[in-house]
Structures are given as C-alpha cells and as structure tokens.
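Following: one structure in structure tokens, then a few remarks.
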Amino acid sequence: MLDIHLIRENKKQMETALLKKIDTVNLDEIIAVDDERKRLIVETDELKAKRNEVSSLIPKMKKEGRDVTGLLEEMKGVSDKIKTLDIRLSDTKLKMKSLLEVLPNIPDDDVLSGGKKNNEIIRVSGSKPDFPFKPKDHIELATSLKLIDYERGVKMGGNGFWLYRGDGAVLEWALLNYFIEEHLKDGYEFILPPHVLIYECGYTAGQFPKFEGDVFHLEPEEGKRFSQFLLPTSETALINYHRDEIIPEDELPKKYFAYTPCYRREAGSYRAQERGMIRGHQFNKVEMFQFTTPETSGDALEQLMTKAENLVRGLGLHYQVSKLAAADCSFSMAKTYDIEVWIPSMNEYKEVSSSSNARDYQARRGNIRFRRKSTGKNEFIHSLNASGLATSRLLPAIIEQFQKEDGTVLVPEVLKKWLKKDVLGK
RNA sequence: GGAGAGGUGUCCGAGUGGCCGAAGGAGGCGGUCUUGAAAACCGUUGUGGGGAAACUCACCGGGGGUUCGAAUCCCUCCCUCUCCGCCA
C-alpha cells in the first residue's frame, strides 16, 4: 500500500515512478476521493464536537433542575445527521482503499523502467558447458534415471504435477537440506508455517485482491464467510508472522527462512517449451525473509542476494544475476534481483531465485511496525524476501549441466553427504 | 462435534451509561542518588485522522442497534483459551 500523504505531496514524482512499472496512472482520482474524505471529516467532526459538548451539558442542567426536552429533541436531529454523514464517510474511505490497494509499489530510483527486455545482467558466473556429445534434456534424463515420474504425477494430481522418486526424491531433499544448513549457519530462524492461509495473509503480501485468481482456494467451510487458500510461496506466510505487531527496534533485523511447497494455479501459462519441471502447480522452495529498519533494507537486499548466489555457486552451476526492470518486479516490490541458471536444453537462463525489497509496502498493508528507540514512535518496518532457493528448477539445471555422455549425472560435491553417491545412474 | 471463559494502550491488567483516552503495574524516556551499575525515589510516556496553529474528532476484537450521550446495555460476526468427545 502506498502512502496517501506521499501521493499528495509528490504527485508528479509518484506518477513518473509508477509509469516505469505500469502503463497508465491516474492519481488525480485518488486525490479527489481523498479531498472528499477530508471534507466529510470536517463536516462530521463539527457536528460531533457539538454533540459531545451538549451531551456533557445535559447532566449538569438536569442537576440544576432545568428543562432539557427541547435540547434532547435537537440533539436527536444532530445524531441522525451524523449517522448519515458517517455512512458517506466510510463509503468514501472504502473507495480510497480500493483505489490505493491496486496500485503497485513504486520502483527504487535505480530501477530501470519497462519490462523483461530492460532487465540488466549484472554478473555471470561460470560458463555454458560445452558438451562433446549431444546432451539430453532433463525430462529424458530424469525419466531414464528414474528420478521423476511425470505420468504418474499427472495421474494423481492432474496436468501440471509430477512426482519425485528414488534418487530424485533424495536429490530434491538434499538440496533442501543444503539450503537449510547454510541458513542456520547464518543465524536465520527456521520456520515451518501453515500451508493453508487466510485471506488477510494474501492481502498483506500484496497478492490480493489483484491476483486472487493465481492461487488455489479451498472451499469455505460450512457457515464460514472467508475461504482459505494454499500458499503460492512461503513469503505469503512469513510476511504475516508479524502482522499487526510492533517490534522493538533492538530486535531488528529479524531473519527467518522457511521451507514449504509452493502451490500455484498458473492458469494458462503453460507453454510447450516449459515442459518438465520448469513450471508446475506445485514446487519446493526455501525462502529467506527479513524485517528491517527503513535505513538498513537496502543493504539487507544485497545480503540476501549474495546468500542466494552463494548457494547456486556452491552447487557449481552456471548462472547469471539480473537486476529486474520495473515492470518485471512483482507488484509489491521496489527492487528485485533474479538469479537465473542455465538450462542447456532450453538454451535459456531460468529463474531459481528472486531477492526483493518491498520497503514499507507490505508493512502498510499488514500494519507491521517497529518502535524506534530514539523517538519512541512507531514506524513501518521494511520487509525483504529472497528464494534460497527454488529447487524445482535447480534439479533440471543440475542434471542437464552435469550430465555425462553415458546418460549418468555427476552429483554436486556439497550434496554428496546426503546422496551417498558420486554419480546418479550407476 | 458438545460445554464454558475471554478479547482494553508497547506489554500485563482494572473498569457502577455522563467525572473514562481510560485506574494500577511493567517497560521506555528524562532526572536525583552512586566512582560506575543495580536498587530506590521523582517526573514523563497511547495510536490515528483533520487543521498553519489553537484546537478538534475517532479508536477499548469487527460490524450494526438502543440513547441527548456507550469500553460499559442489546444483536451479530470474527478470533483466542479451557474442559469433554473424535483423531495423525
């Protein structure tokens, strides 16, 4: 959620910033509704002040034995007027909220405008493997090595699901263990959150109301008004850990990480070239998260990105890091770095990690604040999230990049302690 | 699923329809004392809206109602806890 005061005071700059991300902006409408809100406040406040004054007078007059019936009659009229105006005021506030909540976060100054094609590659690590044979794609490898069962996955979950089996399951779990171990080493607190969340969680994260269609909703329980949904990423859970809380300043930064599967409808986004495990309705991810003070969130983002990068490098994969252009950053985020691994069969780099700074955008939506020691005042915290990492895309990268001519795959050094073997397929 | 209890400020906790934005305590901040710290003592300290300001309005889980006037009474919804039942 953007700050209405900022919008009023820096309309031009805000519009320019938003246009880096979205095609059309109309802040005048919001400001006009806000004007109406202020006008109504003044009007009702005057009436309420009168009501309060007279109401405190009445018991005194009664004590003096004076007649108050005329006054009571008059006040009844005032009360009715207040009631009518209050309804209009709350309607106006609702309208404000509905206009504000669909505005995305404003990009940081150093974020370029436009979409994907304006993403800036800031670093490349390693190089594309040069196969002296015709490399296989991960679907063929994963199937022949009995790591993944696509057909049975679909038989159980329908289109867009797969299942891990044998060494495939062990490899997937080894990746998760590797990440968990690293995050624990860095002092992050491990969270295993609920996978089923309430509406408010999606709202705070910035997914709702705009992207409600992207998640799996559960049928509302009998008699319940609100349905729950399956989390599309553990970020949605973690941002809500401190929702409606006030954190003492000296407890910041709060550093968490979580493992959950991520459930996504991804309606209509299937493409022939994204077969296999590049895009599915369920994938595993370890997610890092930080709550920080406003002045430290910039550094925290670099920290998170570096952590994610170290994990990919630790696996020995060829990857690149990009700073995303404004329109490619997600709705709630001011700045995002992506780490993309090389998928030989697709001749493309695919995202395995996204590190983002939401600044105070999510904090406003979820009313998450900290108490600043020097002033004693409550301020919105900054929130950051970073995948560390998404495994469903790492596994294809690993088996494709590390495949041998005989169809076997070398196990990355850091995973050997869990896999207990050097080569898959032997 | 059945029965009961409860949701108040940064936290804990009191609150007869007007004297309640709200006792008391803890915590924070400032000070006295101390070589320093602790303890003790004194003072101070809610959030948000409107306004240049004076000031004013709202907020005691959410929404409605009764009333000239609601933290307090009524309705309704949500949530939490305890006990019983069922269950991995």
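Just checking, does region A:290-311 include any residue being under 22 Å from A:Glu172 (Cα atoms), touching a Leu at 6+ places or on another chain (Cβ under 9 Å), touching a residue at least 60 places away in the same chain (Cβ under 8 Å) and β-branched (Val, Ile, Thr)?
No, every residue in region A:290-311 fails to be under 22 Å from A:Glu172 (Cα atoms), touching a Leu at 6+ places or on another chain (Cβ under 9 Å), touching a residue at least 60 places away in the same chain (Cβ under 8 Å) and β-branched (Val, Ile, Thr).
Which condition breaks for A:Lys76 when tested against (1) at pLDDT 90 or above; (2) near RNA strand B (Cβ under 8 Å from one of its atoms)?
So A:Lys76 meets the others, but not (1).
Considering only region A:83-98, I want to know if a residue exists there that is farther than 23 Å from A:Gly366 by Cα, open to solvent by 80 Å² or more (accessible area, probe 1.4 Å) and within 9 Å of RNA strand B (Cβ to nearest atom).
yes
Quick check: is even one residue across region A:17-34 farther than 30 Å from A:Met333 by Cβ, near RNA strand B (Cβ under 9 Å from one of its atoms) and among the charged types (D, E, K, R)?
For region A:17-34, residues farther than 30 Å from A:Met333 by Cβ, near RNA strand B (Cβ under 9 Å from one of its atoms) and among the charged types (D, E, K, R): absent.
Hey, does region A:122-134 have a residue that's in a helix (DSSP H, G or I) and open to solvent by less than 50 Å² (accessible area, probe 1.4 Å)?
There is no residue in region A:122-134 that is in a helix (DSSP H, G or I) and open to solvent by less than 50 Å² (accessible area, probe 1.4 Å).
Give me a count of the residues in region A:308-337 that are touching a helix residue (DSSP H, G or I) at 6+ places or on another chain (Cβ under 8 Å) and part of a strand (DSSP E or B).
Residues meeting the conditions: 5.
Any chance region A:288-303 includes a residue that's touching a strand residue (DSSP E or B) at 6+ places or on another chain (Cβ under 6 Å), modelled with pLDDT under 95 and open to solvent by 10 Å² or more (accessible area, probe 1.4 Å)?
Within region A:288-303, one or more residues are touching a strand residue (DSSP E or B) at 6+ places or on another chain (Cβ under 6 Å), modelled with pLDDT under 95 and open to solvent by 10 Å² or more (accessible area, probe 1.4 Å).
For a quick check of your reading of the model, give me the residue pairs whose first member lies in region A:363-388 and is open to solvent by less than 10 Å² (accessible area, probe 1.4 Å), whose second is within 10 Å of RNA strand B (Cβ to nearest atom) and outside any loop (DSSP other than H, G, I, E, B), with beta-carbon atoms closer than 6 Å and at least 6 apart or on different chains.
A:Ala363/A:Phe380; A:Phe370/A:Ile247; A:Phe370/A:Glu249
Which residues, taken from region A:372-408, are over 20 Å from A:Ala308 (Cβ atoms), at pLDDT below 95 and in a strand (DSSP E or B)?
A:Asn378, A:Glu379, A:Phe380
Please work out which one of (1) surrounded by 20 or more Cβ atoms within 10 Å (Cβ to Cβ); (2) within 25 Å of the chain's Cα centre (by Cα) is the condition A:Phe331 fails and give its number.
Answer for A:Phe331: the failing condition is (1).
Of the conditions (1) of a type in the set (Lys, Arg); (2) closer than 15 Å to A:Ile343 by Cβ; (3) surrounded by fewer than 15 Cβ atoms within 10 Å (Cβ to Cβ), A:Lys117 fails just one. Which one is it?
(2)
Take the residues of region A:398-409 that are farther than 14 Å from A:Leu147 by Cα and not charged (D, E, K, R): which is farthest from the chain's Cα centre (by Cα)?
Among them, the one singled out is A:Phe402.
Considering only residues that are within 6 Å of RNA strand B (Cβ to nearest atom) and basic (Lys, Arg), which ones fall in region A:47-65?
A:Lys48, A:Arg51
Mind checking which residues of region A:235-277 are part of a loop (DSSP other than H, G, I, E, B) and either at pLDDT 95 or above or of a type in the set (D, E, K, R) (or both)?
Hits for region A:235-277 are A:Arg243, A:Asp244, A:Glu245, A:Arg264, A:Arg265, A:Glu266, A:Arg271, A:Arg275.
Going through A:Asn347, A:Asn357, A:Asn385 one at a time, which residue ends up being at positive phi and of a type in the set (S, T, N, Q)?
Exactly one residue qualifies, and that residue is A:Asn347.
The values are calculated or read from the model by the stated rules, or taken from the named source; none is laboratory data. Since the structure is predicted, the reported quantities are computational estimates derived from the model, not experimental observations. Counting neighbours? That spans all protein chains shown, and the Cβs are built from the backbone with ideal geometry, glycine included. With ligands, DNA and RNA removed, areas are computed over all heavy atoms of the protein, side chains included. Shrake-Rupley method; radii C 1.70, N 1.55, O 1.52, S 1.80 Å.
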